[in-house]
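Encoded as structure tokens, the structure appears first; notes follow it.
Taken together, the values in this text are just the output of simple stated rules run on the coordinates, not laboratory data. On a predicted model such as this, the values are computed, not experimentally measured, just so you know. Neighbour counts are summed over all protein chains in view; Cβ atoms, including those assigned to glycine, are modelled from backbone coordinates with ideal geometry.
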Amino acid sequence: MSVLVVGSINADLTVRATRIPGPGETVLGGDTRTSPGGKGANGAVAAALAGAAVTLVGAVGKDAFSEVALSGLRRAGVNLSHLLTLDVSTGLALITVSDAGENAITVASGANARLTPQHLPEGFSAFTHLLLQQELPPEITLEAARRASAAGLSVLLNAAPTRDTAPALLRLTDHLLVNEHELAALAGDGFAGHGVVEVSARTLLGRGPRAVTVTLGGEGSLTVTAGETYRLPAHPVDAVDTTGAGDTFCGVLTARLAHGDDLEAALRWAGIAAALACTRPGAQDAMPAWAEVQQESSH
């Protein structure tokens, strides 16, 4: 039931505006809110809140933003014994949230970009599951997957943000998690409309993963394996801010699989938690406690 996360740690600087600006456009927004974020840290917090024992490998800088970036991890009880503090800036995410709840994010990697395979722990045998994303240098992500696979861990990869994903990484992945845009980029078939999502997901299934999950926002999620297809509707909520919802889904899914839930049950829990995360502003600050997810499931 022990989860290892190798991923990014950021401080999020968020501003709400009536709409997300287009290229060359300035839009006036409200006050800036500073909060903990980063896809690695977000997934770690979500997994810890869902009941897993979580260890995070990551890095922050020697600056004022590091305390903000680490605050959510500490509150959630994530093991930070493999945290590095480097003489560079802490990663920052600059986030604009529209009144419709959608967001646009630019990430300054900072300390995250300095992580290398040498920073990975010596042994992986203490863990059962590895959760990865694509905000770190590809070399450390691939090496983490190699070591985890060799040690018998289940490897979950959230292929976000969109970037070149090595074929070797896909072959080492047990469960691939993407949204529609990431699915289209990986499958190489342009934007994957709802009519071809399953076709594209099965294309990726043929490249190595044993399961592929596509998160579809208000349409829920689609998961394909060699023998099964799971279509889960979105849990109905009034969305305020979708920042971190995908990370919540990935973290909770990993935690519940580590807990021993079957795939369909774990996907259902992940969908409820991700929906609840959309009802509050922020990423880690919006993630629900496990008791809240359980209570919501009965509604």
Checklist outcome for this item: P(r) over all Cα-Cα pairs of the stretch 91-183, 5 Å bins from 0 to the longest distance, whole percent per bin, short to long, reads 3, 12, 21, 22, 18, 12, 7, 4, 1, 0
Checklist entry - Which one is right for this structure if volume of the Cα convex hull per residue in Å³ is calculated from it: (i) 126; (ii) 116; (iii) 168? => result (i)
Next on the checklist: At 0.36 nm per residue, and after removing the present C-alpha to C-alpha distance, how many nm does the segment from Glu296 to Thr225 gain when stretched out fully?
Outcome noted: 22.8 nm
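Ranking Val60, Val214 by Cβ neighbours within 10 Å, fewest first, what do you get?
Result, fewest neighbours first: Val214, Val60.
How big is the Kirkwood radius of the stretch 146-299, worked out from every pair of different alpha carbons and given in Å to one decimal? Please list the in-between numbers first.
Working: mean 1/r = 0.0636 Å⁻¹.
About 15.7 Å, per the Kirkwood formula over Cα pairs.
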Checklist entry - If each residue's Cβ is checked for other Cβ atoms within 10 Å, how do Glu143, Glu135 rank with the fewest at the top? => result Glu143, Glu135
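Quick one: work out the % antiparallel among DSSP beta bridges in the stretch 147-227, nearest 5.
Taking every DSSP beta bridge within the stretch 147-227, about 40 percent pair in antiparallel fashion.
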Checklist entry - When the chain is fully extended, how far beyond the present Cα-Cα distance does Ala108 get from His82, taking 0.36 nm per residue of separation? => result 7.2 nm
Item to check | Magnitude of the charge dipole, the chain, Cβ model with Lys/Arg +1 and Asp/Glu -1, debye to 20 | outcome: 500
